[in-house]
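See structure below.
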Amino acid sequence: MLAVFEFFLKHSPEAFSKGEVILTGMLPVWVLWCTLAALALLTAVWLVWRRQVLEPRRLLLIWMLQTAMLGLLAILVWQPALRIDQLRTGDNIVALLLDVSGSMSYAEPDESRLETALALLNESDLSQALESRYTIRRYLFAGDTQAVDSFGEKPGTAGSTSLGDALLQVMGLSRSASLAAIVVASDGSDNSGRLDRTMLSQIAAFGIPVHTIGMGREEMPEDLELEEVLLPERALPGTSLSASVAVRHDVAASTRIKIYDGEKFLAARDLELPEGTAVTTAMVDFSVPDKGHHDLRFTLENLPGERDIRNNSRSRVLDVSDRTYRILYIEGEPRWEYKFLRRALEDDPSVNLVTLLRVSTNKFYRQGIENPDELEDGFPTEKTALFKFDALIIGSIEAPYFSREQQDLIRDFVSIRGGSLMMLAGPNGLGDGGWGNSGLSEVLPARLDTAVPSFRRERARVAPTAIGRTAPMLRFSDDPDENLTEWNELPEIADYQILGALRPAAVSLLNIRGQQGEQPLLIMQPYGRGHSYILATGGIWRWQMGLPVEDMHHETFWRQLSRGLVTNVPDRFELSTRIADDRISIQARLLDESYEPVRDLSVTAVVSPEEGEPVTLELQPAPEQPGLLQAEFTPESPGLYQIDAISRRGDLPMESSALALRYDRGDAEHFGLRQDRTTLETIADLTGGSYWQPDNLDQLPDVIRHSGAGITEQLLLPLWNAPVFFILLLLLKGAEWLLRRSWRTI
């Protein structure tokens, strides 16, 4: 098709899309328009004079054909031409980038992606066409970018890919040389974690077109990939967790996901992968091991005949802490919920429930306190006192009891400290306690109506929502069907509170079915660094009274809900890690007792591999980020790494923190094996380039020739002698002759 187009019009479609058609005749264009009008008029006069030969309808048809032919001749006399800018031969550089990362070695049916790319860039018509007009610079890239004189026969493959960094490094040539275009042969994989919107904007800002050649298949029916495993970083002993696993597949299939703690089997689940769905997501439940850092491995059973099963496994490190979390519960009146909640949590080693029970206007009964001075004056009025706790529960107590400053303090407890707030229903709770008009109204996950009483003493049955059925803190059994059955068999509660509309970010975890229809009972939403909850009942204690004495559903509910409130609450000294380009970066965030950044502390981290000598690192302050310190190191071998950090003020040790991570060298290259066409097309579109398939590169040299970057020259390419015009003249005159012949006028 391209050859046919060029035969008729002498130039390529790309030339016409980039250029401008003009008239180069000596006379101005207005003379042409006058000439065309005169020709049309003279032809009409002549045909009218000959009207005794032909009837009017036939005369009109002949007039149109003759006018078109004469008009086309007049246009050709004005010498139409194509004005276009193109790269000047010999004065520009075209960079060829070859991806030599591990994924490029994947064996396609006939040869590897790398072998196909080498053939394109070394021996094809493409390479010859480019070398005849431009200076060619060649680069190999994976984790790093390297300039080479030639691509050779088959470069070795590397264990990571940083496509964005490679483009930025090569584009730096444009500051000192005329870089006209970049051609990249890659499968689009970038596992550096840095190819984000910011980097894409930096790439586009150079104004150099990047032409991407997509290597590899977009669909691989013979391959399964465990694309992602989402799991909390921390958990408490004796709880259950749900891991979200995402499996990429291109055909319908059945598989099984297994979870191991080292060599110890933890759990498994059968998965059905439906047709027409590229990624299937499922939840896998398992019981949390004992305290310590656990190296968990998630593994898919491979498909029959699957060639590369290295992308069927992923590792995650779970920190099971023996720390005791503290929850402050303030209640406005003695009631059964208070008594049974305390009883449910008194034997939980992971949660210390501190309670303030109002027994008179200004007098509280304290339980669970660390020392006689704690909460001596009632609810805290200072950040340092409240921020010692990880969660706050407010029962049936009216909002005006808390001063405006205390309400602001509670808001900061959630948004700044990152704690969890849970409000309970009651005669003086939620809307009936004026909380809808308080300074905390925006923190709560639902709007509260304070105009009419909302507390109902009516029986209702509790049931988990679709989201609640997947929440670990609301699970009585690891089997989904059995868990739902146990919920349905619980006694009814005897009171609840009607809530207003849920906030946009809020979700309902439990609903009730009562006389008012279905109502949300347990809802939550994120707010700042923390979360807020509403449990719109004060009657969970009914489960304890309505079930046999040995039944543990009431205790299990409160223990799991309390642990859910505190598990992911941030500490004052927290470590985090990131792996990129075979380097591990460590970050430490330091906050004071008010959870404000600390500037005068230093941090030392000791990194201990499974095998080998520990490495000691001094973390350095991050620029313009108070309270954040960071360091990097290059691991010598794959395996589990333990990081122990301690903060100091001068020589005085202050606090410590620890975490573990697994490093698998080159592991990322076994994932994302399918061609990432979206990334390649995005880069091409943002830079003014094009995306190409390896078997359709005929037009690429012509597209590069008309690049907007580099040193260009302006050409006028004549069009008057294009075959299409002479063919049109013959067709117009031939059509007139055939018509006259059929009318027997010649």
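The values are calculated or read from the model by the stated rules, or taken from the named source; none is laboratory data. The structure presented is a predicted model; accordingly, all values stated were derived computationally and were not measured. Quick reminder, even Gly has a Cβ in these numbers, built from the backbone with ideal geometry, and neighbours come from all protein chains shown.
Odds and ends about this structure:
- Scanning the range 297-356 for residues that are farther than 30 Å from Met220 by Cα, among the acidic types (Asp, Glu) and surrounded by fewer than 18 Cβ atoms within 10 Å (Cβ to Cβ) returns Asp319, Asp322, Glu333, Glu346, Asp347.
- Counting only strands (runs of 3 or more DSSP E) wholly contained in the range 524-633, the ones carrying 3 or more residues that are β-branched (Val, Ile, Thr) occupy 602-609.
- Residues that are farther than 24 Å from Ala267 by Cα and surrounded by fewer than 19 Cβ atoms within 10 Å (Cβ to Cβ) within the range 461-497 comprise Arg461, Ala463, Asn488, Glu489, Pro491, Glu492, Ala494, listed in sequence order.
- Members of the range 263-291 that are assigned to a strand (DSSP E or B) and β-branched (Val, Ile, Thr): Val279, Thr280, Thr281, Val284
- Residues of the range 159-218 satisfying the condition of being polar (S, T, N, Q), under 27 Å from Asp702 (Cβ atoms) and assigned to a helix (DSSP H, G or I): Ser174
- Residues in the range 491-520 that are of a type in the set (A, V, I, L, M, F, W, C), out of contact with any Pro (no Cβ under 9 Å at 6 or more places or on another chain) and either under 20 Å from His531 (Cα atoms) or modelled with pLDDT of 95 or more (or both): Ala501 alone.
- Qualifying residue in the range 266-277 (condition: closer than 25 Å to Met220 by Cα, touching a residue at least 24 places away in the same chain (Cβ under 8 Å) and surrounded by 14 or more Cβ atoms within 10 Å (Cβ to Cβ)): yes
- Selection count where residues are assigned to a strand (DSSP E or B), among the hydrophobic types (A, V, I, L, M, F, W, C) and more than 20 Å from Arg269 (Cβ to Cβ), scope the range 292-342: 5
- Per-region count, the range 501-523, residues of a type in the set (A, V, I, L, M, F, W, C) and assigned to a loop (DSSP other than H, G, I, E, B): 3
- Taken over the range 319-363, the criterion of being touching a strand residue (DSSP E or B) at 6+ places or on another chain (Cβ under 7 Å) and of a type in the set (Gly, Ala, Ser) is satisfied by Ser321, Gly332, Ser350.
- Hey, Phe206 exposed (fewer than 13 other Cβ atoms within 10 Å of the Cβ) and either on the phi < 0 side of the Ramachandran plot or β-branched (Val, Ile, Thr) (or both) or not: no
- Residue list for the range 436-458, filter: of a type outside the set (Ser, Thr, Tyr), within 30 Å of Arg572 (Cα to Cα) and either in contact with a helix residue (DSSP H, G or I) (Cβ under 7 Å, 6 or more places away or on another chain) or buried (at least 22 other Cβ atoms within 10 Å of the Cβ) (or both): Gly439, Leu440, Val443, Leu444, Pro445, Ala446
- Residues satisfying the stated conditions in the range 638-694, i.e. assigned to a helix (DSSP H, G or I) and at pLDDT 90 or above: Arg677, Thr678, Thr679, Leu680, Glu681, Thr682, Ile683, Ala684, Asp685, Leu686, Thr687
- Qualifying positions in the range 376-418 - touching a residue at least 24 places away in the same chain (Cβ under 8 Å) and at positive phi: Gly418
- Scanning the range 521-530 for residues that are surrounded by fewer than 22 Cβ atoms within 10 Å (Cβ to Cβ) and in contact with a strand residue (DSSP E or B) (Cβ under 7 Å, 6 or more places away or on another chain) yields one hit, Gln525.
- Residue within the range 695-707 that is in a helix (DSSP H, G or I), out of contact with any Ser or Thr (no Cβ under 6 Å at 6 or more places or on another chain) and of a type outside the set (A, V, I, L, M, F, W, C) present: yes
- Close pairs (7 angstrom Cβ cut-off, 6 or more residues apart or separate chains): assigned by TED's automatic domain parsing to the domain that holds Gly143 and farther than 10 Å from Thr687 by Cβ in the range 190-208, of a type in the set (A, V, I, L, M) and buried (at least 18 other Cβ atoms within 10 Å of the Cβ) anywhere: Asp190/Leu163; Asn191/Ala668; Leu195/Leu163
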